[in-house]
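This report concerns only the one structure given below.
The values are calculated or read from the model by the stated rules, or taken from the named source; none is laboratory data. Bear in mind that the values here come from a model prediction, so they are computed numbers and not experimental data. FYI the Cβ positions are ideal-geometry reconstructions off the backbone, even for glycines, and counts take in every protein chain you see.
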Amino acid sequence: MSRSPLNSSGPGRPASSAASRPESAEKVLRRLEWTVIRRLDGLLHGDYRTLFRGAGLDLADLREYQYHDDVRHIDWNVTARLQVPYVREYHEDREVTAWFLLDLSPSIDFGGAAKKRALSTEFVSVLARLLTRQGNRVGAMFYGERLDTVIPARGGRRHVLEVLHRLLNRPALPSAKETDLRAFLRAAFNAMPRRSLVFLVSDFFSQPGWAEPLALLAQRHELVAVRLYDPLERELPDLGMLVMQDAETGEQLFVDTHDKRFRTRFASAAERRERELRAALARAGVDCLELGTDGKLIDALLRFAELRKRRSRLAGGGAFPSHLEKVA
């Protein structure tokens with residue numbers, strides 16, 4: 001199910017985002033600093049390494065190779081001596097360069113009050129501010145019908161405000177050709193030659209074929225997929241007869257949501273897409289942070305931090321193997 005979701009053209013359809021004046025970047029960031037970032041500081045105790053890790057050069061440890069490990073980190077000398085694959089772990093760099101790859105195609109405006117777009121903006125603001133407060137640099141790339149905006153990576157609160165201002169004042173596309181994440185990922189791959197921390201923020205409504213460039217991007221960078229979704233994309237409520245409009249192509253359909261068989265087919269197609277999406281992310285070895293419009297951003301970030309912490313413990317394999325002390 002690669003088509004973008006359908007918007008209702010009835011009374012529940014959201015008004016154009018251009019009709020209402022957006023909040024200023026300063027006001028939005030200040031609100032998030034008080035409501036989200038401050039709480040994260042208390043709950044994570046400043047340990048943001050559970051959310052992201054740097055890519056350092058100093059050897060920290062050796063451990064047995066595990067599924068999804070980067071093959072470039074295999075220590076071939078140790079592997080040859082022990083006949084078991086071992087990988088090197090490195091100390092983190094003090095400075096991290098992070099990139100936000102933002103899918104801003106029309107499907108992001110699905111749902112009341114363009115909730116997915118607002119959620120994407122809040123996520124970028126929070127993570128960018130957390131990173132820059134630690135002396136790191138952040139950049140952003142925007143996709144509408146193509147990669148049309150690149151904001152170079154810089155540090156500081158003022159730069160976060162610039163990224164946020166560009167997001168808040170970017171007009172929503174009324175219609176566009178179907179999203180092509182494959183082209184977006186390839187363009188981003190060429191634009192980021194240095195290993196970085198990358199957040200791909202999208203609802204993943206796209207033409208097929210994006211899994212391969214995603215895997216290539218994950219081999220070069222530390223990549224996190226941030227999946228935006230609205231509950232209406234998974235299950236339609238019984239609202240009677242509706243005219244539905246494709247969020248990207250503008251195609252319209254007249255449907256009867258009172259028909260239980262139609263709602264069942266819709267749910268089955270959504271479930272099939274869920275399985276395909278999760279399988280593609282798993283094959284690429286990419287962690288996925290799911291952000292729903294019916295949830296709270298801080299809760300999702302804390303769940304993701306706990307997942308990363310458990311993943312790191314499992315991958316660490318405990319203390320340095322005693323039988324490797326002389327080999328290393």
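Things to note:
- Apart from one condition, Arg88 fits all of (1) assigned to a loop (DSSP other than H, G, I, E, B); (2) modelled with pLDDT of 50 or more; the exception is (1).
- Checking each residue in the range 146-164 for being closer than 21 Å to Lys116 by Cβ, crowded, with 16+ Cβ neighbours inside 10 Å and at pLDDT below 95 picks out only Leu147.
- Residue within the range 153-175 that is under 12 Å from Phe100 (Cα atoms) and assigned to a strand (DSSP E or B) present: yes
- Residues (out of contact with any strand residue (DSSP E or B) (no Cβ under 7 Å at 6 or more places or on another chain), in a loop (DSSP other than H, G, I, E, B) and touching a residue at least 12 places away in the same chain (Cβ under 8 Å)) located in the range 191-218: Arg195, Phe205, Ser206, Gln207, Pro208, Gly209, Trp210
- Selected residue [touching a Lys or Arg at 6+ places or on another chain (Cβ under 7 Å) and touching a residue at least 24 places away in the same chain (Cβ under 8 Å)] from Ala153, Ala188: Ala153
- Hey, Val198 in contact with a His (Cβ under 7 Å, 6 or more places away or on another chain), surrounded by 15 or more Cβ atoms within 10 Å (Cβ to Cβ) and either at pLDDT 90 or above or within 24 Å of His221 (Cα to Cα) (or both) or not: yes
- Matching residues in the range 176-189 - criterion: being more than 16 Å from Val201 (Cα to Cα) and part of a helix (DSSP H, G or I): none
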